[in-house]
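Here is the structure we will look at, set down as structure tokens.
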Amino acid sequence: MIQYITDIEQAIVAVKELVFESEIGLDIETTGLDPILDKIRLVQISTPLNTYVIDMYHVPLSVLNPLLTGGPIKVIHNAKFDAGFLYAASGGVMAEPIFDTMITDQVLHHRGYARSLKDLSKEYLDIDLDKGNQTSDWGAEHLSESQIQYAAEDANVLLPLKHILEEKAVELQITAVVSLENRLVPAICWMERSGVNLDSNLWGELVKSAEAKAVRLKEELNLSVAEHTSSGLDLFGNAAVSVNWDSPTQVKKLLSDLGVKIENTRHSTLEANRGEHPVIALLLDYRGAAKKVSTYGTDWEKHVHPKSRRIHANWVQIGSATGRMSCKNPNMQNLPREAAYRNCFRAASGWVLIKADYEQIELRLAAEIAPDVRMKKAFYEGRDLHSVTASYLLGKPETEVVTDSQRQMAKAVNFGLIFGMGAKGLSSYAQNNFRVKMEEHEAAKIRRRYFEAYSGIKNWHELQSRKRETRTILGRHRILEGERDYTNKLNSPIQGSAADGLKLALIKLWETRHLVNAYPVLTVHDEIVIEAPKELAEKAAEWLKRCMEDGMGEFLQEVPVAVDITSKESWG
DNA sequence: AGTCCGCGCGCG
DNA sequence: AAAGCGCGCGCGGACT
């Protein structure tokens, strides 16, 4: 039975009954997608027998408080949206606990994308939801019969869906991951609502200098080409070159005309041919500046919210097939590492940003998961794994000091070989990422020595290659059946376990937030940044460190978790 | 005008 | 025997 509630007395009666339910379906309709600017029009709540459609233009949100925090489990599809709206509109009341049908389905099918409520209803319940009213005018004074009907139908499928998803989770032995992801939703709402402050003046300076640099380098490129071709200079003394330097197709063609035939124009290829023509070095410089201008240019600032004046990025809780999060509009996870860029992200005045990251977390996880006794030993003795690896590869005693370049070489080896890189790949990887020259036969030799030193890793590779499904330590799965998926079979459980640990850290922050007046503002795979009042900086740093150690610590038992932490007014 | 894809590159 | 992995975004170019 559908009950359309348009006054406060009816709402209070409904809430009094609903608090005794163990779980309720919950959905909202809003006038738009922005929780800061837009309004909640309807809150639909379903039980096995009834559906309440509450008109929030006539009922104050606080009436629902007894239902939101504590009380029944809120079953929601894409709960970040609904809980985020309720959180913003109520000034800090979080819907909790949550069972998110979208996130749960994603854990089950383990791909990096989410599915709609319509798709789930069709597949699991054989119900065709009519989404015709989804984008109708929810701000209208009088809602139509079909709008109310639509709103109710959406809420009605949630409880049946939950039960089916839960059964499947048990069958797949994946309930721990489902529980982790559902507990995480409030923390993500919290972080997204917090946002982060951008110093637009500093950013503007960076944009200006990148733009000037790009213009200058483009001129130099054109001049350089003019010198080396018959095109020469035009009547005005300008280079008569009409190549678009942002077009790989045109650049490749031009270089070919200049006698440099290359497969592609990516950085490593150009770098390898740097000596072939003076234009190549200029092009590499231009590419650097052009990237700054295009991806980190003036458009980027448009993400500052007009009302909060902060950046509220869109955090995608399961953003990859391994279980990592992703981030968009804007992507806070691929900002240049240069201090100049990261310093643009500043705490509010009187506050600080505290940045903490896990040290070599994937290697630590690999050591434990494989397991590899020698690698584990290096970690629990607190030694530097890259130096240890260098010693083994060079046949030196562990106590002897290795040079910096030897350590660089070993770093490339550790990162590459653990995840199944071949000799050819290792040699170019070392060159491109660590500026270490390594011939292919040399790489092959290093590879052999590496697996002699770390036989646990070698055995683990063989074990993984025979699997058709990988699991993180918590149990997050990914189906990888092909021979071609070899390297994914190595990477997924490691990358995924690191993601699980970081997610648990975020959960712990949320669930112990009463300890410190602070909140997370961003996270980058092995790093969490929080904002805290300056006078609480030390306390907040300890809190963050503890949550991160405890979170990852549930998965890393035999190898210590190391968290590096710094506190400044900016992120840099 | 809008849509889609490959390339290239920023980050972990 | 051989095989690094995971994202989002801006651009050019081809297509409708």
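Anything over 21 Å Cα to Cα? Flag those among A:Lys218/A:Lys291; A:Lys302/A:Lys568; A:Lys291/A:Lys355; A:Lys80/A:Lys503; A:Lys80/A:Lys118, in the order listed. Pairs exceeding the cut-off: A:Lys302/A:Lys568; A:Lys291/A:Lys355. Only protein heavy atoms count here; under a 1.4 Å probe, A:Lys39 has an accessible surface of about 120 Å². Classify the stretch A:404-544: rounded, prolate or oblate, from the alpha-carbon gyration tensor (a ≥ b ≥ c, eigenvalue square roots; a/c under 1.5 rounded; otherwise prolate if a/b is larger than b/c)? Taking the square roots of the gyration eigenvalues as a ≥ b ≥ c, the stretch A:404-544 is oblate. Does the stretch A:199-318 come out rounded, prolate or oblate, given a ≥ b ≥ c as the square roots of the eigenvalues of its C-alpha gyration tensor, rounded meaning a/c under 1.5 and, failing that, prolate meaning a/b above b/c? Prolate.
If R0 is taken as 30 Å, the Cβ-Cβ distance between A:Thr69 and A:Ala340 corresponds to a FRET efficiency of 0.10.
Pairs from the list A:Lys328/A:Lys534; A:Lys162/A:Lys328; A:Lys208/A:Lys292; A:Lys411/A:Lys437; A:Lys411/A:Lys445 with a Cα-Cα gap above 22 Å: A:Lys328/A:Lys534; A:Lys162/A:Lys328. Largest to smallest in accessible area, the residues A:Phe415, A:Phe99 fall in the order A:Phe415, A:Phe99 (1.4 Å probe, all protein chains included). A DSSP coil position with no more than 12 other Cβ atoms inside 10 Å describes none of the trypsin sites (Lys or Arg not before Pro) in the stretch A:179-234. On full extension, the segment bounded by A:Ile262 and A:Glu359 gains 31.1 nm, given 0.36 nm per residue less the C-alpha separation. Length available on full extension from A:Thr295 to A:Leu515: 0.36 nm per residue minus the Cα-Cα distance, which gives 75.4 nm.
Counting 0.36 nm for each residue step from A:Ser136 to A:Ser247 and taking away their Cα separation leaves a gain of 35.7 nm.
Sorting A:Tyr52, A:Tyr429 by accessible area puts them as A:Tyr429, A:Tyr52; the probe is 1.4 Å, largest comes first, and only protein heavy atoms count. The relative contact order of chain A comes to 14 percent, based on Cα pairs under 8 Å that sit 6 or more residues apart. Partner lysines whose Cα lies under 17 Å from the Cα of A:Lys467, excluding those fewer than 8 positions away in the same chain, are identified as A:Lys458, A:Lys489. Given R0 = 35 Å, the distance between the Cβ atoms of A:Leu37 and A:Lys534 translates into a calculated FRET efficiency of 0.70.
Taking each DSSP H run with n ≥ 4 as -39500 (n - 2.57) and averaging over every residue of chain A yields -15000 deg cm²/dmol at 222 nm.
Of the GluC sites (Glu not before Pro) found in the stretch A:253-337, those in coil by DSSP whose Cβ has at most 14 other Cβ atoms within 10 Å are A:Glu263. For the stretch A:453-541, averaging the sequence separation of C-alpha pairs within contact (under 8 Å, six or more residues apart) and dividing by the residue count gives a relative contact order of 18 percent.
Out of the DSSP beta bridges found with both residues in chain A, what percent are antiparallel (nearest 5)? In chain A, DSSP labels about 80 percent of beta bridges as antiparallel. Under the combined filter of DSSP loop state and at most 12 neighbouring Cβ atoms within 10 Å, the stretch A:202-302 retains these chymotrypsin sites (Phe, Trp or Tyr not before Pro): A:Phe236.
The values are calculated or read from the model by the stated rules, or taken from the named source; none is laboratory data. Fair warning: this is a prediction, and the values are worked out from it, not measured in the lab. FYI the Cβ positions are ideal-geometry reconstructions off the backbone, even for glycines, and counts take in every protein chain you see. Side chains included, ligands, DNA and RNA excluded: accessible areas come from the protein's heavy atoms. Shrake-Rupley method; radii C 1.70, N 1.55, O 1.52, S 1.80 Å.
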